[in-house]
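First the structure, in the form of structure tokens, and then the observations on it.
The values are calculated or read from the model by the stated rules, or taken from the named source; none is laboratory data. Keep in mind that what you see is a predicted model, and the values were worked out from it rather than measured. Here the Cβ is made from the backbone with ideal geometry for all residues, glycine too, and neighbour counts use every protein chain on show. Keep in mind that these areas ignore ligands, DNA and RNA; they rest on the heavy atoms of the full protein, side chains included. Shrake-Rupley method; radii C 1.70, N 1.55, O 1.52, S 1.80 Å.
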Amino acid sequence: MSKLRIAVHKFASCDGCQLQFLNLEQELLTLAERVDIAHFIEASSDLGEGPYDVSFVEGSVSTPEEIKRIRQIRQQSRQVIAIGACATGGGIQALRNWGQHEAFLKAVYASPEYIDSLEHSTPFSDHIRLDAELWGCPPDQGQLKRMLADLMAGVTPFVPGESVCLQCKRQGNVCVLVAKGEPCLGPVTRTGCGALCPYQERDCYGCFGPQAGGNTTALGRRFLGLGLSPEAIKHRYRFIYNWAPAFREASQEWESKDITYTPLPSKKEGEWS
Ligand code: SF4
Ligand code: SF4
């Protein structure tokens, strides 16, 4: 059986998702025996041209040139898999989508006329068809390995979509929302991190993005009951996955001046401690 020909492509990003491949360390040697890593700028200057069996794409689309490039990659690749928060949700750089693009350019660059960037930072799914998405900032190595194994086995890659709470409960973590009154985003955030933050007794801040069907309004009301202002609740949703539709809409909802939601009960002094 011929080896899978794999490419890893970088767009607007910090490179952290690509690093998850390199962080596989010893397993990387096994991987290199089983797949042909044809194009991976961060790992090698020996760059092979397409076609590829699988292209992993990291980063968001931020320039007109990047739109052309991702379309070209789609044409050259049997499967395209988006990895990371930038690739699946626009990333932290999508915070610029909420402001004035021209004003940012003028504030940052001495000669903004030379900068050719798009008004919005967007995920790849806005531009091409994707075969799978691996969420997280950065994605979890366990999920990455599972995806590589699925691809090598020729089966449809599996990405779990449940909330962090389920993983948290299975691990037996004490709930920081209930026990400490911390504004934990776990109930509306997709799993994959191993409930790392609650395990460390801190609240989840949503770096794996929205879980399908999460009730962001109810959780916001719970945060209101904990004493957070609508502005603070807006900022909870407007962070790493601010441009993913569910968190985008939730942040807009809490930005509205017309909110009249009743807070869900807050913790009383000494209660649940
Ligand atoms: S998702 Fe996070 S780790 Fe990956 S490139 Fe974007 S900012 Fe970096
Ligand atoms: S700590 Fe957060 S993620 Fe864990 S069960 Fe409580 S609300 Fe859910």
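The calculated P(r) of region 52-99, using every Cα pair and 10 Å bins from 0, goes 27, 50, 20, 3 in percent. Ignoring aspartates and glutamates fewer than eight residues from Lys169 along the same chain, the ones with Cα atoms less than 15 angstrom from its Cα are Glu201, Asp203. Using only the C-alpha atoms, the convex hull of the chain corresponds to 150 Å³ per residue. Using the Cβ of Ser13 as centre and a radius below 12 Å, the other residues enclosed give a net charge of -3, where K and R count +1 and D and E count -1.
Helical content alone sets the calculated 222 nm signal of the chain at -10000 deg cm²/dmol, taking -39,500 (n - 2.57) per DSSP H segment of four or more residues and averaging over every residue.
When the inverse distances between all different Cα atoms of region 42-122 are averaged and flipped, the Kirkwood radius reads 14.3 angstrom. Run through region 79-136 and list the trypsin sites (Lys or Arg not before Pro) located in a DSSP loop whose Cβ has at most 10 other Cβ atoms within 10 Å. Answer by residue number: Arg129. Between amide H atoms placed 1.01 Å from N, distances below 5 Å from Thr63 occur with Leu118, all of them 5 or more places distant or on a separate chain.
Contact order normalised by length for the chain, with contacts defined as Cα pairs under 8 Å and 6 or more residues apart; what percent is it?
Values: 502 pairs, mean separation 42.4, N = 273.
Rounded, it is 16 percent for the chain.
Solvent-accessible area assigned to carbon and sulfur over the chain amounts to 53 percent, based on a 1.4 Å probe.
Take the cross-link list Lys3/Lys68; Lys145/Lys180; Lys145/Lys234; Lys10/Lys180 and give me the ones stretching past 30 Å between alpha-carbons.
Values: Lys3/Lys68 28 Å; Lys145/Lys180 34 Å; Lys145/Lys234 34 Å; Lys10/Lys180 40 Å.
Listed pairs above 30 Å: Lys145/Lys180; Lys145/Lys234; Lys10/Lys180.
Note down the relative contact order for region 4-153 as a percent, whole number, built from C-alpha pairs under 8 angstrom at least six residues apart.
Working: 256 pairs, mean separation 40.8, N = 150.
Over region 4-153, the number comes to 27 percent.
Between amide H atoms placed 1.01 Å from N, distances below 5 Å from Cys137 occur with Ala85, all of them 5 or more places distant or on a separate chain.
What does the convex hull of the alpha-carbon atoms of region 164-255 project to on average, in nm²? Could the numbers behind the result be given before it?
Values: hull surface 20.3 nm².
Averaged projected hull area, Cα only: 5.1 nm².
Taking 7 Å steps out from each Cα toward its Cβ at Glu33 and Gln100 produces label points 6.0 nm apart.
In summary, no helical segment of the chain meets the span-like criteria, namely a full DSSP H run, a Cα extent along the axis of 30 angstrom or more and a mean Kyte-Doolittle hydropathy of at least -0.5.
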